[in-house]
Amino acid sequence: MRSLIVTGGAGFIGANFVHYWSNRYPEDRIVVLDALTYAGNQASLESVQDRPNFRFVHGNILDRTLIAKLMREESTDTIVHFAAESHVDRSIHEPDAFIQTNVIGTHNLLMAARELWLDSDDAPATHRFHHVSTDEVYGSLGVDDPAFTEQTPYAPNSPYAASKASSDHLVRAYHHTYGLEVTTSNCSNNYGPYQFPEKLIPLMIVNALTGQPLPVYGDGSNIRDWLYVEDHCRGIDLVIGKGKLGATYNIGGNNERRNIDIVRQVCAGLDRIFAENEKLSDRFPDAPAASGRKTESLITFVKDRPGHDWRYAIDATLATEELGYAPRQSFETGIRLTLNWMLENEHWWRAVMDGSYREWISKNYSDNA
Ligand code: NAD
Ligand code: DAU
């Protein structure tokens, strides 16, 4: 039985990971440590909140005393580190929070882990620090460039990517210098349930349902590799279970698409679902599909993101060959699951967007930090 601290477990991927892990390893103890920034949402953990071996702690990874206290109280042997400022556009406007959380916060966790796991008499027999990182550390690819491998030199281009690259280097250094038992995964663009509607796919879905423009940066030709979030969680599970200590593994969807094609596919999916279900027109009267118009009519090309990376692509051969990793969802099945989830969970995205989930949480649960 493991005792995990999941940092950032109220965010998009962290919450999906908590659901995944508590179903797969129900006997494990899971403590979520999350500062509940604008991107953190305790309502995303509603289905696990009452489990006896689950605990939510409202706290910041910048608070090293709190991290050490929790690790002692919980006899933590595994940290899965998701907590981060994660949105590239925000990092362009306000980089400071990215340096604080992504660099200093990660270093705080590493220092606490070193103290409790390497320098303490009652350290657990084995431990693991798994660091969740991104393909953006490798920079941008040209059209004919080979996909990123674990050997691709780091070339981060945004303050977000630079802060993540920095945290990756710190994790590596704590293994090399002190022998901390670490693994790192670098993953491509995720999509799926509980994603904050500032990222491309949920933003397009919410805007389409509410009849607002669908802002496509530049000419929409930038390319990303898209992965359904549960496949990312499964990849992390494999790295934690079978990965070599000190190693990094790329995790991807083998699914490169242009942004404009992603947006068109979201639009076509909504048109189809509205045609199949008449009730949706009553629920979302502002959606073009409610009045027989094409959702695509909302697409609006807008000013490009400064320093916009052109293409990301992941070569996940190492994870496939060493760990048996392979995504289970195609983009077609994953996007349908995502559209259906958004339609079935309107209360969730409306509440996260207007912040009212905070009231809901304070009514339903007390903060047990
Ligand atoms: P997110 O923005 O949805 O969630 C981040 C979570 O971290 C939130 O719950 C937030 O409250 C919490 N948090 C932020 N600062 C904190 C702090 N100082 N202390 C404690 N908690 C804090 O992010 P996400 O999309 O779920 O990404 C999770 C991780 O995965 C990040 O490290 C990100 O770099 C990485 N990643 C994301 C993607 C993607 O496509 N979203 C792809 C690859 C890697
Ligand atoms: O590659 C992994 C990364 O993917 C993660 O590390 C980041 O945390 C995650 O946010 C994501 O970064 P991107 O910048 O690729 O994701 P985003 O959803 O912001 O944008 C995806 C693409 O769509 C990108 O080329 C910019 C474009 N875009 C985005 C938004 C929000 C638009 O054209 N319009 C938009 O409104």
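The values are calculated or read from the model by the stated rules, or taken from the named source; none is laboratory data. None of these values were measured; they are calculated from a predicted model. Note: ideal-geometry Cβ built from the backbone for every residue, glycine included; neighbour counts use all protein chains shown.
Of note:
Yes or no, residue by residue, for (1) buried (at least 19 other Cβ atoms within 10 Å of the Cβ); (2) of a type in the set (Gly, Ala, Ser); (3) in contact with a helix residue (DSSP H, G or I) (Cβ under 8 Å, 6 or more places away or on another chain):
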| position | (1), (2), (3) |
| --- | --- |
| Tyr217 | no, no, yes |
| Val229 | yes, no, yes |
| Ile236 | yes, no, yes |
| Tyr249 | yes, no, yes |
| Cys267 | yes, no, yes |
| Phe284 | yes, no, yes |
| Thr295 | yes, no, yes |
| Leu298 | yes, no, yes |
| His308 | no, no, no |
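- None of Ser3, Ser86 is at pLDDT 95 or above, crowded, with 21+ Cβ neighbours inside 10 Å and small (Gly, Ala, Ser) except Ser86.
- Yes/no for Arg336 being surrounded by 12 or more Cβ atoms within 10 Å (Cβ to Cβ), more than 16 Å from ligand 2 (Cβ to nearest atom), among the charged types (D, E, K, R) and assigned to a loop (DSSP other than H, G, I, E, B): no
- Segment 134-154 residues that are in contact (Cβ under 8 Å) with a residue 60 or more places away in the chain, paired with ones that are assigned to a helix (DSSP H, G or I) (beta carbon under 7 Å, 6 or more apart): Glu136/Tyr160; Glu136/Ala161; Glu136/Lys164; Phe148/Asp135; Phe148/Tyr138; Glu150/Leu318
- Lone qualifier among Thr37, Thr65 - being of a type in the set (S, T, N, Q) and touching a Gly at 6+ places or on another chain (Cβ under 9 Å): Thr37
- Looking only at residues of segment 1-55 that are of a type in the set (Val, Ile, Thr), within 14 Å of the chain's Cα centre (by Cα) and more than 16 Å from ligand 2 (Cβ to nearest atom), we find that the one that is nearest to Ile67 (Cα to Cα) is Val6.
- Taken over segment 216-247, the criterion of being within 10 Å of ligand 2 (Cβ to nearest atom) and of a type in the set (Ser, Thr, Tyr) is satisfied by Tyr217, Ser221.
- Checked against the criterion of being buried (at least 17 other Cβ atoms within 10 Å of the Cβ) and within 12 Å of ligand 1 (Cβ to nearest atom), the candidates Thr76, Thr134 yield just one match: Thr134.
- Residues that are near ligand 2 (Cβ under 9 Å from one of its atoms) and assigned to a loop (DSSP other than H, G, I, E, B) were ranked within segment 187-215; the one that is surrounded by the most Cβ atoms within 10 Å (Cβ to Cβ) is Gln195.
- Selection count, segment 321-333, where residues are surrounded by 19 or more Cβ atoms within 10 Å (Cβ to Cβ) and over 30 Å from Ser281 (Cβ atoms): 3
- First in segment 75-87 and closer than 18 Å to Thr37 by Cβ and within 14 Å of ligand 2 (Cβ to nearest atom), second anywhere and charged (D, E, K, R) and modelled with pLDDT under 95, Cβ under 8 Å, 6 or more apart: His87/Glu198
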